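The values are calculated or read from the model by the stated rules, or taken from the named source; none is laboratory data. Quick caveat: nothing in here was measured; it's all calculated off a predicted structure. Backbone-built Cβ (ideal geometry, glycine too); neighbour counts: all protein chains shown. Note: accessible area is taken over every heavy atom of the protein model, side chains too, but ligands, DNA and RNA are not part of it. Shrake-Rupley method; radii C 1.70, N 1.55, O 1.52, S 1.80 Å.
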Amino acid sequence: EGYKKTTETITFTVVAGKATAKQVMKNYPEGNVVISKVDATNGEELPGAHLKLVCNNGKYKKEWVSGTTAKVLKDVPDGTCELSETIAPEGYIKTTTTIKSTVKNGKVAEPVVMKNEPEKKTYEVEISKVDVATSEELAGAKLEVTNEKGIVVCAWVSDGTTHKCKNLIAGTYTLTEISAPDGYEVAESITFTLDKDGKLVQDGQEVD
């Protein structure tokens, strides 16, 4: 009661009994002008964005900073409005396009939703291929790193020194030995994770 029915449907994938991403279905209040600022990756409300709404060629202006809930404006006049972002939340790319909407009888047909894409910081991971007994670097191993989608993001043949995989974003990766050096067996694959701060985590433990 007091909310608009959600008309969108949400499609999601379940792998091994778990959804691959968090799903969020929203209901917006009836009436008035509802403006939502969300994370483009998960649809959750995104605080910290500086927003500006201008209507009827500047006759109406409203500025605010987004919070954890949608903004409900009750004093917007009928006409054409444009929503823009002046400052993006920390860690997100500024939205440079404006969103136009029409207000009729003090309402908009659908809630106005503006999305922000997170900044994709890249990191570098140093990888060693060593003899298990001596810990000496080995040459001749064909190795590759794949991301969560199975895409190869780094591939090389070891040369007796450590190798640096560059331009990796936060996420989970798998290191696989395609072929071993002469006289050695192929090693088991290793899964590791880069968190949002670029810290390397393997088997639940942070790695230097």
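Being open to solvent by less than 70 Å² (accessible area, probe 1.4 Å) and not hydrophobic (A, V, I, L, M, F, W, C) is the filter; apply it to region 192-208 and report the residue that is nearest to Val152 (Cα to Cα).
Thr193
Could you grab me the full set of residues in region 1-17 that are within 15 Å of Pro111 (Cα to Cα), exposed (fewer than 12 other Cβ atoms within 10 Å of the Cβ) and charged (D, E, K, R)?
If the condition is that a residue be within 15 Å of Pro111 (Cα to Cα), exposed (fewer than 12 other Cβ atoms within 10 Å of the Cβ) and charged (D, E, K, R), then Lys5, Glu8 are the ones that fit.
Taking the conditions exactly as written (within 29 Å of Thr41 (Cα to Cα), at pLDDT below 95 and touching a Ser or Thr at 6+ places or on another chain (Cβ under 6 Å)), does Val103 satisfy them or not?
Judged against the criteria, Val103 is not a match.
Give me the pairs: first residue in region 74-95 and closer than 21 Å to Gly106 by Cβ and touching a residue at least 24 places away in the same chain (Cβ under 8 Å), second residue part of a loop (DSSP other than H, G, I, E, B) and open to solvent by 20 Å² or more (accessible area, probe 1.4 Å), beta-carbon distance under 6 Å, and six or more apart or on different chains, which are they?
Short answer, once both residue conditions are applied: Lys74/Asn32; Gly79/Asn56; Glu82/Thr98.
From the list Thr20, Thr102, Thr41, Thr68, pick out the single residue that is touching a residue at least 24 places away in the same chain (Cβ under 8 Å) and open to solvent by 80 Å² or more (accessible area, probe 1.4 Å). First the steps, then the outcome.
Numbers: Thr20 fails: touching a residue at least 24 places away in the same chain (Cβ under 8 Å); Thr102 fails: touching a residue at least 24 places away in the same chain (Cβ under 8 Å); Thr68 fails: touching a residue at least 24 places away in the same chain (Cβ under 8 Å).
Matching residue, one of Thr20, Thr102, Thr41, Thr68: Thr41.
Filter region 171-180 down to the residues that are open to solvent by less than 50 Å² (accessible area, probe 1.4 Å) and not polar (S, T, N, Q), then identify the one that is nearest to the chain's Cα centre (by Cα).
Among those that are open to solvent by less than 50 Å² (accessible area, probe 1.4 Å) and not polar (S, T, N, Q), it is Gly171.
Just the residues that are hydrophobic (A, V, I, L, M, F, W, C) and open to solvent by 50 Å² or more (accessible area, probe 1.4 Å), please, taken from region 148-157.
Of everything in region 148-157, those that are hydrophobic (A, V, I, L, M, F, W, C) and open to solvent by 50 Å² or more (accessible area, probe 1.4 Å) turn out to be Ile151, Val152, Val153, Ala155, Val157.
Tally up the residues in region 106-140 that are within 15 Å of Ile190 (Cα to Cα) and open to solvent by less than 70 Å² (accessible area, probe 1.4 Å), please.
Within region 106-140, residues that are within 15 Å of Ile190 (Cα to Cα) and open to solvent by less than 70 Å² (accessible area, probe 1.4 Å) number 5.
Given the criterion modelled with pLDDT of 95 or more and among the acidic types (Asp, Glu), identify the matching residue among Glu63, Glu148, Glu90, Glu119.
Going through Glu63, Glu148, Glu90, Glu119 in turn, the sole match is Glu63.
Please pick out the residue among Gly160, Gly183 that is of a type outside the set (Asp, Glu), more than 23 Å from the chain's Cα centre (by Cα), open to solvent by 40 Å² or more (accessible area, probe 1.4 Å) and more than 30 Å from Pro118 (Cα to Cα).
The match here is Gly183.
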